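This report refers to the structure that appears directly beneath it.
The values are calculated or read from the model by the stated rules, or taken from the named source; none is laboratory data. The shown structure was predicted, so the numbers you read here are calculated from the model rather than taken from an experiment. Neighbour counts are summed over all protein chains in view; Cβ atoms, including those assigned to glycine, are modelled from backbone coordinates with ideal geometry. The accessibility values were calculated without ligands, DNA or RNA, using every heavy atom of the protein model including side chains. Shrake-Rupley method; radii C 1.70, N 1.55, O 1.52, S 1.80 Å.
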Amino acid sequence: MDKGKYLKNYRIYIPWLIVFAVTLFFFPIEGKFKYNYQTGSPWMYGTLISPIDFPILKTQQELLKEKEEKASMVVPYFNYDDNVIAEQDREMRALQGKDSVDDRILYAIIGTLNEIYAVGISPLSSDALSNAGTIIVQRDRRASEIPSTEVYTVERAGLYLKWNITSAFPGVNVDSLLSAYNISKYIVPNLVYDQKKTDLLHKEAVDYISPTKGMVYAGQLIVSEGEIVTNEVSQLLDSFRAEYEQAYGYTESQAGLIAGHAVISLLILAALFAIIYFMDITIFTRRNEYNFILVLYLVMFIATVLLRNYDQKYLLMMPYAVFALYLTSFFKTRYVFPLYSVMMLHLLFLSQDGVELYIMNVMAGITILVSYKYFNKGWLQFVNSVCIFFALIITYLGFALSGDGSLSAAFAPGDLFMMVANSLFVVVAYPFVFIFERIFSLVSYSRLYDLSDTNSRLLRELSQKAPGTFQHSLQVANLAGEAARAIGADMMLARVGALYHDIGKMKNPQCFIENSAAGVDYHKGLSPIESAQEIIRHVDDGVEIARKYRLPDIVTDFIRTHHARTLTYYFYAEYCNGGGDPDNREPFTYHGELPTTKEQVAVMMADSVEAASRSLKSYSAESISEMVDAVTANKLNDSQLINADISIKDITRIKAIFKSRLEQVYHERIAYPSISGGKGAS
């Protein structure tokens, strides 16, 4: 095979360059931190001095602890009520002038109460107030945070009033006096508790927690060469990396960063191009498959960038394994892993924890490729989610333990939930494969499995209208499928193509000998040309039926190619023997298309071999071998395979498969003896 001819086709580079331009456009204009480190391991680089000022970020554990502390602290919110002091003052002054009231003591009581009200009386108990520690009081549209000990409870206000009056009037029985004046009814809370604002402030306090705890300044030591990276040093390095990637990374040379990103994008796309080149170069000619691979990579890349820009931690929730399933739906399993592994390379550069995420999702991809073979129907698909989750969690634990060998801080908050979501999203996102199937005119393997069901509507109709053709198609499917397997072609596609290659015969089944009733000769009275035209018409009829039943184009192609441009030799020979012009071949020639794929070649040859096998007078190994060789030689000599991507080695293997299978089908059978006369005869 001349691979150079594929590379000379400039059209294969156009979508590749478009994808490169789009990836470069979406590539974040940020620098990449150039140090790799791990807690518990030595620092493998030179002494690192901070070139910039940067804040020290709190760890997830510190943020969680602080949030829990804030959640346990509730600061009560009160509104100061001016009406209370005015009302109580008015009622107290109404006691003036009564015979039993000493105005001097009354004024002292009023003054003390005004003093107490000015500070504020809380409706809370002493214990509740002391537990609060701090309260907020809003007065005259201004809220102030004050210690809870600075305001009064009703009980404390009464005690203070009694003490103050006793000090001012030593000889007076204050208890009796206060009781006589019924002073207790004038001591009421003037601080009104606001539950709504208290809850709001509490929520804000819990939600807003500073993510930093100090600064590292330019010129300050971060880590020394050979120093063990402790948790504290790792926290400094994490903070430096975050600041570097978000700001410092592109302040020096933005043009240089863009050039670097262009090189990275080119290398990844070049690797993807190379995988296709060495894996199956004919994909370049199947534009829908080639474009699908590129678009799938682009979708994965853009989704990663958008999720990363929102919050890097959510990359753990991205269901990368579903992209392996998308590839599995349209390509052979052995092609999927190299494609999937290369398509995810951008993750190594875009994510802070790129190595961990890449390996986790590679393992998830391997897992789904294995498990989906066994669990791909109905609710069993959720078994795949369980398998993916275990692959993710085991890899995650491996990286966590390789840090300090401890599980004490293995899981950051939310990581477990995100891995569960990741595994579930794989199942949820898989149905999008049917959208890709429509957009790119591809046929998924699940669709092929459905089409291979002989109980499908179209194949049932074929078996009823043209039973002989149906049986012929089954035999061709068996031969073509085995041949495709032997040469590394798509066995399922070849089987499906063989099952539908002769559906056009349904329109006129009696025209074909395998369907004709005993004693009925459809072609009696027809000229050789007329008979040939009736036979040839089944190809066009098959294409028409395929469109009616909306068969995929890739299946319809088998109808167009299974006779290619061959002759209806029987009627051509009859025509020539009857005195016709041998050069007048056109009326006897099928006007189909030459096969281009290995699967189409397998079906064409299986169709001819199976039909020819029915005319053999002897089914010895020699006669079968001669027939297969003759049919194959005829296809080659008639230039029917000149456009096919198939080698002589492949054709030799196909011939060997046909010979072996036909010998098994037509092997010599034992002649059973008859019973005649004697005891027990009937």
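Please state the relative contact order of the chain as a whole percent: Cα pairs under 8 Å, 6+ residues apart?
For the chain, the relative contact order is 12 percent.
Could you give the length gained on full extension between Thr149 and Arg438, defined as 0.36 nm per residue of separation minus the Cα-Cα distance, in nm?
96.7 nm
Mind ranking 11-18, 168-175 by how tightly packed they are, going by the mean number of other C-beta atoms within 10 angstrom, highest first?
So the order, starting with the most tightly packed, is 11-18, 168-175.
Each label point is 7 Å from the Cα along the Cα-to-Cβ direction; what then is the distance between the points at Leu380 and Ala94, in nm?
About 8.7 nm separates the two model spin labels.
Using the beta-carbon distance between Tyr570 and Ser660 and R0 = 30 Å, what value does 1/(1 + (r/R0)^6) give for FRET efficiency, to the nearest 0.05?
That gives a FRET efficiency of 0.60.
Kindly list the residues of region 582-611 that lie in the label zone of Ile281, defined by a backbone N under 17 Å from the point 7 Å along the Cα-to-C-beta vector.
597-598
Per the 1.4 Å probe, what fraction of the accessible area of region 417-554, in percent, lies on carbon and sulfur atoms?
55
What value, in deg cm²/dmol to 500, does the helix sum -39500 (n - 2.57) over DSSP H runs of n ≥ 4 give at 222 nm once divided by the residues of the chain?
Mean residue ellipticity, 222 nm, calculated: -18500 deg cm²/dmol.
Suppose all protein chains stay in the model; what accessible area per residue would a 1.4 Å probe give for the chain, in Å²?
For the chain, the solvent-accessible area averages 52 Å² per residue.
Rounded to a whole number, what % of the accessible area of region 65-147 do carbon and sulfur atoms account for, probe 1.4 Å?
The nonpolar share, carbon plus sulfur, comes to 46 percent.
Can you give me the C-alpha center-to-center distance between region 312-344 and region 285-304, rounded to a whole angstrom?
Cα centres, region 312-344 to region 285-304: 11 Å.
Would you mind listing how long region 484-534 runs along its three principal axes, going by Cα atoms, in whole Å with the largest first?
47, 23, 19
Can you give the local net charge around Arg286? Use residues other than it whose beta-carbon is closer than 14 angstrom to its beta-carbon, Lys and Arg +1, Asp and Glu -1.
-3
How far, in degrees from 0 to 90, does helix 254-279 lean away from the longest principal axis of the Cα atoms of the chain, to the nearest 10?
Roughly 30 degrees between the two axes.
For region 35-78 and region 93-171, write down the distance between their C-alpha centroids in whole Å.
If we compute the Cα centre of each part, the gap is 47 Å.
Between Phe440 and residues 5 or more places away or on another chain, which pairs have amide H atoms under 5 Å apart, with H built 1.01 Å from N, and which residues are they?
Hits under the 5 Å cutoff: none.
Run the numbers for Asn131 and Ala630: contour at 0.36 nm per residue of separation, minus the present Cα-Cα distance, in nm.
169.5 nm
Under a plain spin-label model, where a point goes 7 Å from the Cα along Cα-to-Cβ, how far apart in nm are Ile209 and Asn173?
Label at Ile209, label at Asn173, 6.1 nm between them.
If you take the beta carbon distance between Leu267 and Glu68 as r and set R0 to 56 Å, what does 1/(1 + (r/R0)^6) give as a FRET efficiency, to the nearest 0.05?
Given R0 = 56 Å and the Cβ-Cβ separation, E is 0.75.
Once both axes come from the Cα atoms, what is the angle between helix 491-500 and the longest principal axis of the chain, in degrees from 0 to 90, rounded to 10?
So the inclination is approximately 60 degrees.
Using 7 Å Cα-to-Cβ label points, what is the Gln220/Asn309 separation (nm, one decimal)?
Roughly 3.2 nm, to one decimal.
Using DSSP to call loops (not H, G, I, E or B), can you name the chymotrypsin sites (Phe, Trp or Tyr not before Pro) in region 436-466 whose Cβ has at most 13 other Cβ atoms within 10 angstrom?
Answer by residue number: there is no such site.
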